[in-house]
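In what follows, a single structure is set out as structure tokens and then discussed.
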Amino acid sequence: MAHDLPLIGVRVIDLSWIIAGPTATRFLAMMGAEVIKVSSARRPDPSSRGAPFQAYNQAKLSAALNLAKPEGLALAKQLIALSDVVIENFAAGVIERLGLGYDVVAAVKPDIIMVSSSGTGHTGPHKDYVAYGSLLQHYTGWNGISGYPQREPIKGGLWADPWVGMELAMITVAALNHRAVTGQGQYIDVSMAEALSASIPEAILDYQMNGAMRPPQGNRDTWDAPHGVYRCAGEDRWLAITVTHDAEWQALCRVLGRSDLAADPDLATAAGRRQHQDRLDAAITAWTCQHEDDAAMQQLQAAGVPAGPSLDIVRVYHDPHLRASGYFTRLQTSDGETRDLPGLPWRFVGLEPPHITAAPVLGQHNAYIYGTLLGLSAADIARLVEAQIIY
């Protein structure tokens with residue numbers, strides 16, 4: 001139908017776990033794909049023990065299946081034969097040892113799209129490195145340029161997994177478009193490290209072309225000044241302010257009541273302001289410290305100066321702008337809690353709203369998947385459950 005979501009009719013076998021892979025398949029499911037999360041009580045997804053599982057696995061179906069047994073592997077192949085996409089994010093070599101490498105999958109379904117994501121990819125000298133996203137942020141240098149000057153690199157953080165999850169979703173959509181045009185499936189090997197490196201092109205190119213190691217610069221910018229996060233009235237309240245052209249600089253000076261700064265020829269250009277950033281930061285902080293962050297934001301935005309509060313997660317959750325956008329959907333989740341869960345960060349104009357349901361419990365859709373899709377009888381399903389193959 002003309003108003004259907006874009007991935008209606010696409011079936012995805014989701015062999016992924018933790019964050020990056022499930023994030024990708026969550027986006028695909030919300031865009032209308034039928035996503036079947038294949039997992040087992042033998043080795044459950046570690047995230048299933050916590051609340052984040054409820055966000056990462058919305059709108060999916062769940063099939064319990066023990067891939068360590070031959071009959072389980074055979075059932076997985078039958079599901080793949082009825083599907084369009086397979087996604088996995090195990091360490092390099094794991095999916096092949098399970099018996100579901102691309103050669104096997106393509107033999108079952110020649111036009112299948114298989115997306116495999118691992119820390120450092122499935123080829124090359126570092127392919128056997130095993131790492132989660134937080135470690136890869138150090139491996140790529142991402143954390144090293146994200147901190148403050150003369151300080152230790154930022155430690156921890158979970159930026160890599162959601163970033164890569166978004167990329168995996170878009171890669172899958174691109175592969176589906178390619179198949180629609182050519183009829184060809186493909187194998188896509190995604191390195192999380194390479195995906196992260198793509199987010200810091202300036203630092204990489206600076207080193208490749210000039211041999212320069214870019215130091216961390218905190219909240220400052222290479223071109224724009226002033227550019228920072230400034231303390232406001234209240235406990236741990238901060239406001240991000242950036243000046244992107246000279247007219248915004250003049251507007252900022254008017255809000256600050258600093259005509260002396262506006263008239264200073266040394267500060268008339270971004271290049272000049274970059275030379276005096278400590279001085280400017282002190283002047284801005286003297287003003288922001290007297291105002292609540294939201295009130296300061298409104299004054300600055302009304303004057304045409306880009307500004308916004310730096311919100312902690314509780315304030316993000318209650319942010320009226322995010323609420324008004326319809327980003328959250330209230331659902332009773334499979335653990336019995338009622339939660340406001342995140343939706344899609346984009347809209348489809350003129351189409352149905354995103355497909356959003358609560359994350360499933362393990363094996364919740366076994367009857368549909370094994371009975372309706374694969375045509376197994378109730379007696380066959382019961383036998384496979386008893387044998388811990390559907391498990």
Next item on the list: For the chain, return all DSSP H helices satisfying: extent of Cα atoms along own axis at least 20 Å; mean Kyte-Doolittle hydropathy at least 1.6.
Entry: none
Checklist line | Cβ charges +1 (Lys, Arg) and -1 (Asp, Glu), total dipole of region 23-107, debye | finding: 340
Item checked: Gain in span if fully extended, GLN150 to GLU337, counting 0.36 nm per residue against the direct Cα distance -> 62.8 nm
Checklist line | Förster-model FRET efficiency, 35 Å R0, ASP206 and GLN184, C-beta, rounded to 0.05 | finding: 0.35
Next item on the list: Take the alpha-carbon centre of region 80-156, take the same for region 192-266, and report the distance between them in whole Å.
Entry: 33
Note to self: Run the helix sum for the chain: -39,500 (n - 2.57) per DSSP H stretch of 4+ residues, divided by residue count, reported at 222 nm to the nearest 500 deg cm²/dmol.
What the structure shows: -10500 deg cm²/dmol
Next item on the list: Let me know the charge dipole size of region 246-309 about its Cα centre in debye, to the nearest 20, where only the beta-carbon of Lys, Arg (+1) and Asp, Glu (-1) is charged.
Entry: 140
Note to self: Given Cβ point charges of +1 (Lys, Arg) and -1 (Asp, Glu) and nothing else, what value in debye, to the nearest 20, does the dipole of the chain about its Cα centre take?
What the structure shows: 700
Margin query: Restricting to DSSP loop positions (anything but H, G, I, E, B) with no more than 16 other Cβ atoms inside 10 Å of their own Cβ, which chymotrypsin sites (Phe, Trp or Tyr not before Pro) remain in region 160-236?
Written below: TRP223
Next item on the list: Give the relative contact order (percent, whole number) for region 238-296; include only Cα pairs under 8 Å separated by 6+ residues.
Entry: 33
Checklist line | Chain lengthening between GLU71 and GLU352 when straightened (0.36 nm per residue, less Cα-Cα) | finding: 97.3 nm
Checklist line | Residue list for region 291-308, given a label point 7 angstrom along the Cα-to-Cβ vector of HIS318 and an amide N cut-off under 17 Å | finding: 292-295
Notebook entry, point to check: Remind me, relative contact order of the chain in percent, using alpha carbon pairs under 8 angstrom and six or more residues apart?
Noted result: 20
Margin query: If you take every residue apart from GLY308 with its C-beta less than 12 Å away from the C-beta of GLY308, what net charge results, scoring Lys and Arg +1 and Asp and Glu -1?
Written below: -2
Item checked: Largest to smallest principal axis extent of the C-alpha atoms in the chain, angstrom -> 84, 47, 40
Note to self: For the chain, what is the number of Lys pairs with C-alpha distance below 16 angstrom, counting only pairs 8 or more positions apart or on separate chains?
What the structure shows: 4
Margin query: Under the 0.36 nm per residue contour assumption, what length would be gained going from the current alpha-carbon distance of ALA379 and GLN299 to full extension?
Written below: 21.9 nm
Notebook entry, point to check: Going highest first, how would you order 63-71, 366-374 by mean Cβ packing within 10 Å?
Noted result: 63-71, 366-374
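All of the numbers you see were taken from the coordinates with simple rules; none came from a lab. Since we're looking at a predicted model, the values are computed, not measured. Positions of Cβ are backbone-derived with ideal geometry, glycine not excepted, and every protein chain shown enters the neighbour counts.
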